[in-house]
Every structure is written in structure tokens, then in C-alpha cells.
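Nothing in this text is a laboratory measurement; each read-out follows from the coordinates by a stated rule. This structure is a prediction, so every number in the text was calculated from the model and none was measured. Cβ atoms come from the backbone with ideal geometry, glycine included; neighbour counts cover every protein chain shown.
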Amino acid sequence: MLGSTHGTLTTDSRRARVIACGEQPSPVVHGRPADVDDLDVSGRPLYADVPDLDRFFRPESVAVVGASDAEGRPNTGITRQLIAWAERVGARLHPVHPTRQSVFGIPCSPSLADLPEQIDLAVLLVGDPLPVIGELAEAKVKFAVAFASGFAETGAEGAAAQAHLAAAVRRAGLRLLGPNTNLNAFEKFRDDLDGPAIALITQSGHQGRPVFAMQELGVRLSHWAPTGNEADLETADFISYFSEQPEIGAIACYVEGLKDGRSFLLAADRAARRGVPVVAVKVGRTETGARTAASHTGKLTGADTVVDAAMRQYGVIRVDGLDELQDTAALLARARAPRAEGVVVYSISGGTGAHLADLATAAGLPLPHLSAPKQAELHQWIPEYLSVTNPVDNGGHPVGDWRGRKIIDAILADPEVGVLICPITGPFPPMSDKLAQDLVDAAEQTDKLVCVVWGSPVGTEAAYRETLLGSSKVATFRTFANCITAVRAYLDHHRFVAAYRSPFDEAPRTPSPSFRKTQALMRPGQQLSEHAAKQLLRAYGIRVPREQLVTSAAAAVRAASLVGYPVVMKASGAQIAHKTELGLVKIGLTSASQVRDAYRELTDIARYEGISLDGVLVCQMVERGVEMVVGVTHDQLFGPTVTVGLGGVLVEVLRDAAVRVPPFGEDQARGMLGELRGRALLEGVRGGPPVDVDALIEVVMRVQRMALELGDDIAELDINPLMVLPRGQGAVALDALVVCR
């Protein structure tokens, strides 16, 4: 079971004992004991303290353990950079070395115990930081940075060494960055830029370089957290901290592996509550990428579909490339909330406008047709033979005189327009210079978003370097794709934040009566029979067919008369996973003779296959609906997850499913259905009636409750098929599979 990095979380059964017996829970939430109200019904935290990292990024006193000024030594260059950084942030730096009197002219202390003051931050330039941790604890140091490598990134032996280091850090009561980190936190940031800033979090220092370099394009960067192996401080800690900093407009992350799924979700939830966008590159989409990421950082990568769903669930904007990361983060950091969602493409070329409009429409951006009065207004300055519906084609010449600004202002004045995108595929001075200036001037006087795509591969033109990049109001891109990606993220983020309600506020904290009913059904390490699995569902209020478990042909006939013809008969046993393939299901039986024959055939097949049965199920036959699958699986990073998709015998072929990580609300459950390729089946196709979507959502929510209460006891749960009946008639679980952990 996954746990917090600062303590062991309770299991579902332990949670029940806490509630029932008054036993005190043991979890720790970021360094402090967790109260019962801080835990959901599964024993996982619902709250995480924000680490106070002010003294990490802006310490008053810094100790450099292993400082050096000897030529040719790696520590010498690091010491020199730390001295310069300490001067910039106003910190007093103290070199520590057992044999040196001074380093770069600064008096050197032989040990941490000999320092003249309490230290906020200790930088450890030693090969093995573990022996130093005890000294840091005695000196009451708040933060430490360990650059040393050779830990979890190297394999099992290194992982064990890292675990010892992490345990020592917890005992010491300090916070550690690293090991296997670098000097990125101590870079020189430009202090002449204003406006909201980007805070950067990376597990690979080199991968953060493009975002850091954006300062040269006028984009402000305030912090860089290179988390390394995350023995203690992790990506989630920095997301939580940065979300609370008023100067930060967006958080950009390069993530190789998440340390703890719940910690990440709590951090993303905090950012969502505060409306701070989080943009992330998360490697590991492919098997090769996942394996490489794990070997590099020693992290758990997790199933990428679950990671992707969890990020969407909490509003984290996932992008693929570092160029997308920098452009999307820069736009989200600096752009105001949209006044409207309509996007207008404005260009000097019909071909360019059509190309960008195609890409924008394919990406789901709303490109409304401009109204007839607005088109008439634009045709005052644009020839009548050119289209101004959207995209707006000005033909080129109007941008060279007073008409250019009139056109831009008229578009931005439309109440349906929230975003103007102007592609300039190449420079054509002086007209392109005039167009760039008009766009900048218009952007300075509007609260709507103005985006420019400067497509010239040269990038040294004055219109680009001075005019466009000199304005913090215009969002400038170099490619169509990055512009569209960023604008879509911008609209999605603000729509998400406006509707966001934290699922942690409503997450159940105490077990339901259903939980107590199911304890006798659990068989650790075993698969339940279909009959027992359906009893589990029934306990949680999920409808199953009328059915009886019988152990003789005569009893089967009596059961069929009670259930009502036609009936379905199935072999029921703990070893059976795929009954249809083995011929252990008989459907559409309409007479006593058919029931007797079916009973004998089912038991003969089971005997021949060596399958032990607990009986034969005689079930009500349910027809006329859409077959769905709803289930629970256990992700090694996030714990129990809930899946819904198209079901039936082709479920593994169609692979049309959506996943969420509990807790989630009904809106997320409905969002899962919207992600299905076959969602039209729920609305009725080829004359069929629409099905009872509300009943399907109710089943998903009840299964989520099972995931929360039983998720650490259940390795797998599948309701397949869940027959969703026509609207108003409900949904029935026709079959179920449960495998206990």
C-alpha cells in the first residue's frame, strides 16, 4: 500500500478499528501527526501542510560543508557559485571544512558545531551525506541540500541507502533537497523583470534550461527547485509552496516520476483552489520512457493512463515538449482571465488564416462566426471580396496604414471575442513592423488576450525582438502548434478553476454500514465467486438480477420458476474468470427441461475442466440495454482507481474506457462518460432509446465508495457487463469479478 513519505498510512481495516475502538491513528501529514479528520475512510490524508520554504530560497545564514578553494577541485566551482548566490540573496555564508582555516578569504569552521550562529541552509558537498545528518540535527539546521549521487537512481543497493538517508532526515526534523540534485536553485535570476513569475520544478536540471532561458525573452522566473531523487522534499511540496506565493503566476514542472500519488493530488488541489496553473511535462508515456525515467531517478512511474487522468482531474496541464512547457506556462502566468471564449484568427493571407483556423478547430478552440453587423464594420477597411467571418483576411494592404489598428480594435470590441491570434509567417517590412506595433498598442489598451505567431526562423528582426518581446501584454509564439496548445490550455484552465470544487472537502471520513456488511465476504489472496461478488455489490446498493444459487437440477428448476422465465444459468466458483469462453453460461432458457439439461451440462464441463463450483446461478435474464464495464484496479502510485467503459465480451478489444482516482465528484463521473469514444451509444443509436445515464453515474459513485473503503483489500473488481437500461429503468450488474489482495 502506498503511504505518505513522512509516515505509514492506515489500511481500510485499520481505519475501521480507529473508528470502532478509539485507537489513535499513526499517519503523519508532512511532519505533524494527522488527526482523524485529516484522513479519508481509506486512511489516506485529506490535507497536507505547506512547507515553509522561505528560509530555503532566502536564507539568512548558509553553511557549505566541504567548501573548497583548491584549483581543479569540483567543490571549488560550487563554493564560488554559492558565495555569489549568498551575496545576491543577502545571506551570511560559512564554509565548513575540518582542515582549512579559510575558503576564498572567508573564515572556515572545522565542524557544524563550531559555527557562530544557527544555520538556515546547509549545502553538503560530501560524497556521503548520511554521517552529516546527525550533526545537522544537533545544530538545528532547517534545510539541507545533498548533491551526492549513487542512490536510488543506481538500483536496489542505492535505493536502500536512500531509504536510510530519508529515515535519518525524518529523525533529524530537517528538510532535505536531493540527493542527486544540482545547483539550479542557486542560479542568478533577473531582477529587472516585472509581472507574475514562473516557478520551475525539475527532476533533471538540464531539462529546465529552456524555461530558465525565457528570462532573456522578458519572461520573469522567480524560483527553480531541482528535486533530484526526492528522498524528502518532493515535487508536491514545491507545488504547494509555490501556490501560496503571490508573485507566482504559473508553475512549470518537468517530472520523471511522482514519489507519492496522494501527495501530488493534494498539492494539485491546493493550486486549483487558488487558481494557480500547473503545467507539466511528465515522461514515461511509453514503456521505454517509463523504464528510462525509473532508472534515472529511482521513482515509481505509475500507469501513464492513470497519471494522465489524475492530472486532468485536478487541472494540471500536461504537455509533451519543453517548448510547449515554456510557451504554455508563460501565457498562463501573464494572461488575465478571459472575458469571452471566442477565438478570432486575423491574418494578411487567406491561406495562412485558413491553415491556423483548421488547426485551432481540430484542437477544440471555439471560432465563432462574426455577426453580420461586425462583418459590415470590418468591410469599411477590408475589401468586400475578402472573407471576414472568422478567420478574418485583410488582404495585406490595410496593415500598412491607419486601417490596420481600426481592424484590430473592431475585432477586440466584439463581446463574443476573448482571444485574437495573428499569424505572421515571415517579416515583410515595413508593413510587418507596423502590424506588430499595432498589435502591441491594441494589447496595451484591452483586457483581452492578443497572441502573435512570429514564424520567421531568423528571430533577429526588430519587430520580433524589440516590439513584440518588448511588450508583456502580447503573447508571442514561434509556431502555430505551440500557440494553439497554449491558448487551449488557457481557456481550459480558467474554465476548470471557475467550476472547481475540491473533492477532498466531501470525501467520506468514516466507513459506511455497507463496509461492515462486506467484511465476512473478504477472502485475502483469493478470487470471490460470482455469487459472493454480487453479494458485495448488493451490500453497496448496486442492483443485481434476481437469482438463486443452487446445487441440484431439481433446485435449479424450482429457482427458475421463482426467478421467472426466461433465465440465464451460470457456473459459480472462485476459480472462474471467463465463463463464456469455457461454455459455462447458458442464456435464454424457457422451460424446466432446458434448465435441467443446462445444469447437467454446466456441472459436467466444470468437472472436466477441474473447476470447483460452489453451485450454479439461476438468474433473471435482462435484455435491451447498453453493456458497460465499471471496475476498480489498484495503481501502485495512486492506489485504488475507478474505471468505466464499454463492456461485454469485447471489452479488452475495444479498450474504450476512462479512469479517475478517488475521491471525485459526480461531475468527474459524468466527465468520464464524455471521454468515451462510444459515448453516442448511451444517447441511443439506430432508433434505440437513450439509456439511464443517471443510473450509470450512480453505480460509478457507489463503486468509488467501494474503492475508498475496500480498495486496499481488493486487487481487482469488474462489473462486466453492467447492463444500462433505457432511461428511467436503472442499471443491473449482470456479472462481477472480485479478486482480494
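Taking neighbour counts of Cβ atoms within 10 Å as a proxy for exposure, in what order, fewest first, do E153, E466 appear?
Details: E153 20, E466 13.
Least to most surrounded, the residues fall as E466, E153.
For the stretch 496-536, trypsin sites (Lys or Arg not before Pro) meeting the loop criterion (DSSP other than H, G, I, E, B) and having at most 12 other Cβ atoms within 10 Å: R501. Here the Karplus relation 6.51 cos²θ - 1.76 cosθ + 1.60, evaluated at θ = phi - 60°, turns the backbone of the stretch 607-613 into coupling constants of 5, 5, 7, x, 9, 7, 10 Hz, with x for every Gly and Pro. Footprinting exposure proxy ranking of T551, T227, fewest other C-beta atoms within 10 angstrom first, gives T551, T227. In whole angstrom, the stretch 355-490 maps to an equivalent ellipsoid with semi-axes of 21, 18, 14, each derived as √(5λ) from the alpha carbon gyration tensor and ordered largest first.
Note on the stretch 123-172: dipole from Cβ charges, positive end direction compared against A159, A172, V145; the farthest Cα belongs to A172. Each residue of the stretch 116-123 was assigned a 3J(HN,Hα) from its phi angle through the Karplus expression (A = 6.51, B = -1.76, C = 1.60, θ = phi - 60°), giving x, 8, 6, 9, 7, 9, 10, 9 Hz with x at Gly and Pro.
Could you give the length gained on full extension between E138 and S371, defined as 0.36 nm per residue of separation minus the Cα-Cα distance, in nm? All intermediate terms of the calculation are to be shown ahead of the outcome.
Working: separation 233, 0.36 × 233 = 83.88 nm, distance 7.22 nm.
So the chain would gain 76.7 nm between E138 and S371.
For Cα pairs less than 8 Å apart in space and 6+ apart in sequence, what is the mean separation divided by the residue count of the chain, i.e. the relative contact order in percent? If you can, show how the numbers build up before the last one.
Values: 1543 pairs, mean separation 70.7, N = 741.
It rounds to 10 percent for the chain.
Amide H contacts of T202: A225, T227, Y254, each under 5 Å away and 5 or more positions distant or on a separate chain (H built 1.01 Å from N in the peptide plane; Pro and chain starts excluded).
Summarising the amide proton neighbourhood of D635: residues at separation of 5 or more, or on other chains, whose placed amide H is nearer than 5 Å comprise T641. Bridge orientation summary for the chain: considering DSSP beta bridges with both residues in this region, about 50 percent are antiparallel.
Converting phi to 3J(HN,Hα) with the Karplus coefficients 6.51, -1.76 and 1.60 and the offset θ = phi - 60°, the stretch 71-84 yields 4, x, 8, x, 5, 5, x, 5, 4, 4, 5, 5, 4, 5 Hz in sequence order, with x at every glycine or proline.
Students often get this wrong, so check it: of K534/K570; K282/K473; K374/K434; K434/K473; K534/K579; K374/K406, which have C-alpha atoms separated by over 19 Å? Numbers along the way, then the final one.
Details: K534/K570 13 Å; K282/K473 29 Å; K374/K434 24 Å; K434/K473 17 Å; K534/K579 15 Å; K374/K406 12 Å.
Over 19 Å Cα-Cα: K282/K473; K374/K434.
Across the chain, the longest run free of exposed loop sites, meaning chymotrypsin sites (Phe, Trp or Tyr not before Pro) lying outside DSSP classes H, G, I, E and B with no more than 11 other Cβ atoms within 10 Å, spans 1-384. Per residue, the Cα convex hull of the stretch 581-737 amounts to 142 Å³.
Answer rounded, prolate or oblate for the stretch 513-620, using the Cα gyration tensor with square roots of eigenvalues a ≥ b ≥ c: rounded when a/c is under 1.5, else prolate when a/b is larger than b/c, else oblate. Display every interim value, and only then the final one.
Working: a/c = 2.33, a/b = 1.36, b/c = 1.71.
Judged from the Cα gyration tensor, the stretch 513-620 comes out oblate (a/c at least 1.5, b/c at or above a/b).
Label positions at A462 and I587, each projected 7 Å from the Cα along the C-beta direction, are separated by 7.6 nm. Around the Cα centre of the stretch 189-334, unit charges on the Cβ atoms of Lys, Arg, Asp and Glu (plus for the first two, minus for the last two) sum to a dipole of about 300 debye.
For S111 and S552, the difference between the fully extended length at 0.36 nm per residue and the C-alpha to C-alpha distance is 150.5 nm. If you take the Cα centroid of the stretch 570-645 and the Cα centroid of the stretch 145-215, the two points sit 52 Å apart. A Förster radius of 30 Å, combined with the Cβ-Cβ distance separating E244 from D320, puts the computed FRET efficiency at roughly 0.55.
With each run of n ≥ 4 DSSP H residues scored as -39500 (n - 2.57), what mean residue ellipticity at 222 nm is computed for the chain after dividing by its residue count and rounding to the nearest 500 deg cm²/dmol? Could the numbers behind the result be given before it?
Values: 26 runs with 270 residues, N = 741.
Result for the chain: -11000 deg cm²/dmol, rounded to the nearest 500.
Here's the picture: charge each Lys and Arg Cβ at +1 and each Asp and Glu Cβ at -1 in the stretch 189-334, and of V306, S222, G257 the one pushed furthest to the positive end of that dipole is V306.
What length, rounded to one decimal in nm, is gained on full extension from A362 through to R516, with 0.36 nm per residue of separation minus their alpha-carbon distance?
Length gained, A362 through R516: 50.4 nm.
Here the simple spin-label model places points 7 Å from the Cα toward Cβ, and for E666 and H379 these points are separated by 4.9 nm.
Computed over the chain, the percent of Cα pairs more than 50 Å apart is 30.
Using the Cβ-Cβ distance between R274 and E216 with R0 set to 25 Å, the FRET efficiency works out to roughly 0.30.
Taking amide H as placed 1.01 Å from N in the peptide plane, G684 has its amide H under 5 Å from the amide H of V691, each at least 5 places away in sequence or on another chain. Across the options A606, A553, V630, the greatest Cα extent toward the positive end of the charge dipole of the stretch 503-654 (unit charges at beta carbon of Lys, Arg, Asp, Glu) belongs to A553.
With an 8 Å Cα cut-off and a minimum separation of 6 or more residues, compute the relative contact order for the stretch 189-334 in percent. Working shown, then result.
Values: 269 pairs, mean separation 39.7, N = 146.
It comes to 27 percent, rounded to a whole number.
Residue order for I576, I198, fewest other beta carbons within 10 angstrom first, comes to I576, I198. Dipole magnitude for the chain: computed about the Cα centre from +1 point charges on Lys and Arg Cβ and -1 point charges on Asp and Glu Cβ, it is near 1520 debye.
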